[in-house]
Structure formats: structure tokens, C-alpha cells
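> What follows is a structure written as C-alpha cells; I'll ask about it next.
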Amino acid sequence: RRSIAEFAASWEGPLHVLVNNAGIMALPELQLSSEGWEMQFAINHLGHFELALGLHEALSAARNARIVAVSSSAHQSSPVIFDDINFNFRPYDRVLAYGQSKTANALFAVEASRRWAIDGITANSLMPGAIVTNLQRHVDPETLKKWRNGKVIDPENLPAGWKTPPQGAATSVLLAVSPLLEGIGGRYFFDCNEAEIVDRRTDNMSGVAPYALDPANAERLWEFSLRLLN
């Protein structure tokens, strides 16, 4: 939190684009931050949330600033469980923990767009796609093999549905700079298109769960997050 505060305080001038991308995934065991927060929720959501709050003045000064929140199809694994964010009562499940943090990314974009519309700030979330990066370092080899349909990842010959890093960055770049998204916020994108709202989990990484775009959930998460950071 100190590094976030120091960075935000050192920023000078307007900020036109903020891409919240850094994160962790599938920690094998429950880990808590120094504040007692489940680590994936803390890093994937609360860190980005606090950074955006700290940079709000700079974003507002830019007029028409954009925030890009990198979510994941893993959000379909779990809504934000407000009554047990930190797995105090539920058995820890690394997939559910990651899933609720990615749902939080999408909900942040919804509420940021609503609250900060008067400042000309819009925010959207996205699923970048399945990409081979160090993000998967905590995923066991058998699970990775299952995700990859039993194939070993070769950057020159990717399994169906997987992307190179440049391909994975394409949707983030679209949301950050395309004139097609001028004034549009609170939406979730996949493969450079707005995703369809689905009523059950998909098996091809497409679609967005309705709870991840629900305005009531978004407002609740914002207020909840403010209380945690107080």
C-alpha cells in the first residue's frame, strides 16, 4: 500500500489512460496480506482500486480519461462473496478466490464509470484470452495440460483458444485508445468485442456473468472496498 500511495503522490499532470493489469493467480494455499485480506483479492482488486483512487485527480484532469480493468473468464467461477471474502468460513479454493477477484475487476469498471462520469472518466473490463505467461506459475502441470487440451504450449503452434502476448494485449489496447469506445464505460469485452451476457458458465472463455455487471453489486463492492482501505 505504501508503494501505491507514493506512486500516486508523485504523479504530475493529467493521466489519460490507466491499465490495471498486474495480478496473481491460483495461489495453492490461503495467504493473507498484512491487513488480513485474502491475497488474490488484495492484489488483483484492492491494489488496483486504491491506485485508481489515488490517481483520480490526474484522471479527472485529463478529461475523457479511460481505465482498463483486466479481468478474466475465470470470473465465471465465482461472484464476490461479500460475507466471506477471506475464506474465514469456506474451505479455501484457489479457483474460487481467483474468480471472485476477477469479478471484482469487472464490477470496479461498472461503478467507476457511474461515479466518475461527471469527471469524464470511463472504465471497461476485459478478458484478454489464454496466454502463456508467468501468471500460471502456481497452476499444477496436470491442470495446465487439461486447460491446453493435452497439448504442450508451443508459441508457434498454440492450441485452439490460446493467444500470443500481442494477441492477448489487443483488447486492452482497443479499450484504451479506440475512438469507437469514446464515452462508453461499464462494459466487459472479449476478442475486441463486447461480450454477451450468459446465464451459465461457458467452456470457451467467452461471455460475461450478469453478477459481474450488476450495478448493485458494483456499488456494494465500492463501498466495501472503501471500508477495507480506511
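The values are calculated or read from the model by the stated rules, or taken from the named source; none is laboratory data. Quick caveat: nothing in here was measured; it's all calculated off a predicted structure. All Cβ positions, even for glycine, are placed from backbone atoms using ideal geometry, and neighbour counts span all protein chains on display. SASA here: full protein model, heavy atoms, side chains in, ligands and nucleic acids out. Shrake-Rupley method; radii C 1.70, N 1.55, O 1.52, S 1.80 Å.
> Kindly check whether there is at least one residue in the stretch 92-101 that is outside any strand (DSSP E or B), of a type outside the set (Lys, Arg), open to solvent by 20 Å² or more (accessible area, probe 1.4 Å) and touching a strand residue (DSSP E or B) at 6+ places or on another chain (Cβ under 9 Å).
Yes, the stretch 92-101 contains a residue that is outside any strand (DSSP E or B), of a type outside the set (Lys, Arg), open to solvent by 20 Å² or more (accessible area, probe 1.4 Å) and touching a strand residue (DSSP E or B) at 6+ places or on another chain (Cβ under 9 Å).
> Can you spot a residue in the stretch 76-87 that is open to solvent by less than 30 Å² (accessible area, probe 1.4 Å), at positive phi and not hydroxyl-bearing (Ser, Thr, Tyr)?
Looking through the stretch 76-87, at least one residue is open to solvent by less than 30 Å² (accessible area, probe 1.4 Å), at positive phi and not hydroxyl-bearing (Ser, Thr, Tyr).
> Since Lys102 meets every condition but one in (1) modelled with pLDDT of 95 or more; (2) farther than 26 Å from Leu30 by Cα; (3) of a type outside the set (Val, Ile, Thr); (4) within 20 Å of the chain's Cα centre (by Cα), which condition does it not meet?
(2)
> Here are Gly186, Gly150, Gly168: which of them is modelled with pLDDT under 95 and either open to solvent by less than 30 Å² (accessible area, probe 1.4 Å) or touching a Leu at 6+ places or on another chain (Cβ under 6 Å) (or both)?
Gly168
> Quick one: count up the residues across the stretch 162-187 that are of a type outside the set (Phe, Trp, Tyr) and not in a helix (DSSP H, G or I).
9
> Test of understanding: among Glu35, Glu6, Glu12, which residue is under 18 Å from Leu221 (Cβ atoms), surrounded by fewer than 16 Cβ atoms within 10 Å (Cβ to Cβ) and not polar (S, T, N, Q)? Reasoning before the result, please.
Details: Glu6 fails: under 18 Å from Leu221 (Cβ atoms); Glu12 fails: under 18 Å from Leu221 (Cβ atoms).
Going through Glu35, Glu6, Glu12 in turn, just one is under 18 Å from Leu221 (Cβ atoms), surrounded by fewer than 16 Cβ atoms within 10 Å (Cβ to Cβ) and not polar (S, T, N, Q): Glu35.
> Collect the residues in the stretch 6-44 that are in a helix (DSSP H, G or I), touching a residue at least 12 places away in the same chain (Cβ under 8 Å) and within 19 Å of Ala112 (Cα to Cα), keeping them in residue-number order.
Within the stretch 6-44, Ala8, Phe41, Ile43, Asn44 meet the criteria.
> Could you check the stretch 188-230 and list, in sequence order, the residues that are part of a helix (DSSP H, G or I) and among the charged types (D, E, K, R)?
Residues satisfying the conditions are Glu219, Arg220, Glu223, Arg227.
> Just for the stretch 212-230: of the residues that are charged (D, E, K, R) and out of contact with any helix residue (DSSP H, G or I) (no Cβ under 8 Å at 6 or more places or on another chain), which one is least open to solvent (accessible area, probe 1.4 Å)?
Within the stretch 212-230, the match that is least open to solvent (accessible area, probe 1.4 Å) is Glu223.
> Which residues, taken from the stretch 15-30, are surrounded by fewer than 16 Cβ atoms within 10 Å (Cβ to Cβ), more than 25 Å from Gly185 (Cα to Cα) and either of a type in the set (Asp, Glu) or modelled with pLDDT of 95 or more (or both)?
Selection gives Glu29 alone.
> Also, quick follow-up: What's the number of the only condition in (1) within 11 Å of the chain's Cα centre (by Cα); (2) open to solvent by 20 Å² or more (accessible area, probe 1.4 Å); (3) within 17 Å of Leu175 (Cβ to Cβ); (4) β-branched (Val, Ile, Thr) that Ile43 fails to meet?
Tallying (1) within 11 Å of the chain's Cα centre (by Cα); (2) open to solvent by 20 Å² or more (accessible area, probe 1.4 Å); (3) within 17 Å of Leu175 (Cβ to Cβ); (4) β-branched (Val, Ile, Thr), Ile43 fails exactly one: (3).
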